[in-house]
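Comments concern the structure below.
The values are calculated or read from the model by the stated rules, or taken from the named source; none is laboratory data. For clarity, every value in this text was computed on a predicted model and none was experimentally measured. When we count neighbours, we look across all protein chains shown, and the Cβ atoms used for this are built from the backbone with ideal geometry, even at glycine.
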Amino acid sequence: MKKLLKYFIVILLIVVAIVSPFIYNGYTMYKEALQETPLEVKIAQIKEKDGYATYDEIPIMYLNAVIAVEDRRFYTHRGVDPVSIGRAVINDIKTMSLAEGGSTITQQLCKNIYFTQEKKLERKVAEAFMAIELEKELKSKDEILELYANTSYFGGGCYTIKDAARYYYDKELDELTDSECIMLAGIPNAPAVYAPDVNPELAKQRQMQVINKMIQYGYLSQEKADEIIGE
């Protein structure tokens, strides 16, 4: 038993020694980003963009689809989801990569507005610090969803949900069908792969993944899902 405890302590110390520099560098990256552009300034800049859509303008079907496929515990965590991170770490160790990040919608928003898309551990740490700060700064989770929908890249040069609706469907947000809303929710995961005008078949497969997640987490009944698929 004592030997096992010693091995555990040694392994823990090794892990701490390996991870500490990444945590320090990530924290530094987070502080420098805030110093360069404070959150309130960054948010104000985003809301001044052409094509910005308020929460009330964004279809609820799109918002539910985003939560289901990207961050099902969105309304219960405070910017970082330890469960998702733990699962991602295990999967990344298995694959020896950073393929899965366990990022929440809040973290993805921070990446969109402050950091690069580069998959580096220190950048993930910076995202986590920024996500916690962002959740303290904003008044509600709905505002985070609103900002996410107005900073995600949908392909075709579109960085807002309103521009994406016009680009792909030549429609305003209140004219979108449920099927179109769900399609748009799936694109930002990999726009070069899932954009309907680039890979229609892969876009449809991604849409089905989103629909299945919505059924799994109670955002759609099977009957409603069948109706949407029929569109």
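Just need a number here: residues in the range 108-154 that are more than 25 Å from residue 22 (Cα to Cα) and either among the aliphatic types (A, V, I, L, M) or assigned to a loop (DSSP other than H, G, I, E, B) (or both).
12
Identify, by number, the condition in (1) surrounded by fewer than 20 Cβ atoms within 10 Å (Cβ to Cβ); (2) closer than 17 Å to residue 66 by Cα that residue 226 doesn't meet.
(2)
Return the residues of the range 114-150 that are surrounded by fewer than 20 Cβ atoms within 10 Å (Cβ to Cβ) and aliphatic (A, V, I, L, M); say none if nothing qualifies.
Correct list: 121, 132, 138.
Given the options 169, 148, name the one that is among the hydroxyl-bearing types (Ser, Thr, Tyr) and over 14 Å from the mean Cα position of the chain (by Cα).
169 is the lone residue from the list that is among the hydroxyl-bearing types (Ser, Thr, Tyr) and over 14 Å from the mean Cα position of the chain (by Cα).
Does residue 17 count as at pLDDT 95 or above, at negative phi and of a type outside the set (Asp, Glu)?
So residue 17 fails the test.
Give the residues of the range 161-172 that are out of contact with any Gly (no Cβ under 9 Å at 6 or more places or on another chain), more than 21 Å from residue 229 (Cβ to Cβ) and buried (at least 22 other Cβ atoms within 10 Å of the Cβ), sorted by residue number.
none
Hey, can you tell me all the residues within the range 142-198 that are β-branched (Val, Ile, Thr) and closer than 21 Å to residue 110 by Cβ?
Result: 144, 151, 160, 161, 187.
Considering each residue of the range 64-107, count those that are β-branched (Val, Ile, Thr), part of a helix (DSSP H, G or I) and modelled with pLDDT of 65 or more, and give that number.
7
Considering (1) touching a helix residue (DSSP H, G or I) at 6+ places or on another chain (Cβ under 6 Å); (2) outside any helix (DSSP H, G or I), say which one residue 159 fails and leave the rest.
For residue 159, the failing item is (1).
Restricting to the range 185-223, name every residue that is surrounded by fewer than 16 Cβ atoms within 10 Å (Cβ to Cβ), within 18 Å of the chain's Cα centre (by Cα) and under 20 Å from residue 157 (Cα atoms).
189, 190, 192, 193
Looking at this structure, is residue 186 part of a loop (DSSP other than H, G, I, E, B) and among the small types (Gly, Ala, Ser)?
Judged against the criteria, residue 186 is not a match.
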